Every structure is written in C-alpha cells, then in structure tokens.
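Reading through the structure tokens given below for one structure.
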Amino acid sequence: MLSEKMEAALNDQIAMEGYASFFYLSIASWCEYQGMEGASEFFYRQATEEHDHMMRIFRYVLEMDKKAIAPAIQQPPSDFKSIQSIFNDVYAHEQKVTTSINQLVNLANEENDHSTHNFLQWYVSEQREEEALIRSILDKLKLIGDGPQSLYFIDKEITQINSQVGNQQGEA
Ligand code: FEO
C-alpha cells in the first residue's frame, strides 16, 4: 500500500518527469532549427526517455491502487543562448531531479515502504547515469571551446554519443 503522502509525492515526481520531457522536446526543437541535427536527435531521445520515466511512476501508482494524475505542464523555455548554456541548464535540472528522487527514497525509508523503495532504485541508477552522461558532454564542450567551427565539432561529437547511447540501449 501507499500512504497518501507517498501518493502525493509520486504524483509530484510524475509532473517533474513530464516537465523534463517537454523541456527536452523544446531544446530538441531549438537545436534542429539551428541546424544542429546531432544535438536535436540527442534531445528527442532524452524527451522520450523522460516520458518513459513519467509513465513508469504513473503505472506504479495505479498498480498500488492509488490515483495517478496526468500533470499540467508549465511551458518550458523555447529560446536558448547557446548549446553550452543548454547543457549547463540540463545538468542543473538533472541534479534537481536527483535531489527529488533522493527525497522520495528518504520518504520510503521513513514509512518503511519497501515496495516503493525497491521501485525507486531504478531511478537512483538512472540519475547517476544521466548525470555522468551530461557531465561527459560538458567536459567535451570545454575542450572544444567556442571558436568559429565549434558548433560543427560539438554537433559531430554529440552525433557520436548518440550512436554510442543507441548501441547501449540496443544491447540492454
Ligand atoms: Fe527522469 Fe532525467 O530525470
């Protein structure tokens, strides 16, 4: 069973994952408009992944015989300063999500809710992987710098990361 407090907290997380999905969709749109195909593909995939994160919790809440709420999504930004600023924002956003997942795990512990604790472990691993991925891209962006051809090289680098992530997902 789920407590009312846990039900509400999981519904808040549903909303957070839903926002992340639309935030990344908006970034994908901006990148495609700027001609950065690699970056846009990366964010289209991230948007789909976040939708999946949202749905996993949605279905879990219902499986636990509570009500999952389809969230109202606040409009994400549609204009961005640069690809560097995007990845900085995305990293900050993922850290916020990690904090939120950790708080849910704490609540599950406080309530002796082993089922939800167990369910959340997938998210703990996922956040660790997502943060590591974004950090590795930020490191590459720093190395490439912001010279005249940097956008070309950044997009090329992200295209390569896309194929690596795609292969890993294919193997999973
Ligand atoms: Fe589902 Fe990237 O947080």
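Restricting to the range 122-172, count the residues that are among the aromatic types (Phe, Trp, Tyr) and touching a residue at least 60 places away in the same chain (Cβ under 8 Å).
Result for the range 122-172: 2.
Looking at the range 100-116 only, could you name the residues that are of a type in the set (Gly, Ala, Ser) and either within 14 Å of the ligand (Cβ to nearest atom) or surrounded by fewer than 17 Cβ atoms within 10 Å (Cβ to Cβ) (or both)?
SER100, SER115
Being acidic (Asp, Glu) and within 14 Å of the chain's Cα centre (by Cα) is the filter here, so list the residues in the range 16-43 that pass it. Reasoning before the result, please.
Filtering the range 16-43 for residues acidic (Asp, Glu) gives 17, 32, 37, 41.
Correct list: GLU17 only.
Within the range 37-84, which residues are of a type in the set (Gly, Ala, Ser), modelled with pLDDT of 95 or more and surrounded by fewer than 17 Cβ atoms within 10 Å (Cβ to Cβ)?
Hits for the range 37-84 are ALA70, ALA72, SER78.
When you scan the range 129-140, do you find a residue that is under 30 Å from LYS66 (Cα atoms) and either of a type outside the set (Lys, Arg) or touching a helix residue (DSSP H, G or I) at 6+ places or on another chain (Cβ under 6 Å) (or both), even just one? Outline the logic, then answer.
Initial filter on the range 129-140 (under 30 Å from LYS66 (Cα atoms)): 129-130.
From the residues that got through so far, the ones that are either of a type outside the set (Lys, Arg) or touching a helix residue (DSSP H, G or I) at 6+ places or on another chain (Cβ under 6 Å) (or both) too are 129-130.
Among the residues of the range 129-140, at least one is under 30 Å from LYS66 (Cα atoms) and either of a type outside the set (Lys, Arg) or touching a helix residue (DSSP H, G or I) at 6+ places or on another chain (Cβ under 6 Å) (or both), which makes the answer yes.
For the range 51-99, what are the residues that are within 14 Å of the ligand (Cβ to nearest atom) and of a type in the set (S, T, N, Q)?
Residues satisfying the conditions are GLN95, THR98, THR99.
Going by the conditions given, is ARG45 basic (Lys, Arg), within 14 Å of the ligand (Cβ to nearest atom) and under 23 Å from GLN164 (Cα atoms)?
Answer is yes for this residue.
The values are calculated or read from the model by the stated rules, or taken from the named source; none is laboratory data. None of the values given here were measured: they were computed from a predicted structure. When we count neighbours, we look across all protein chains shown, and the Cβ atoms used for this are built from the backbone with ideal geometry, even at glycine.
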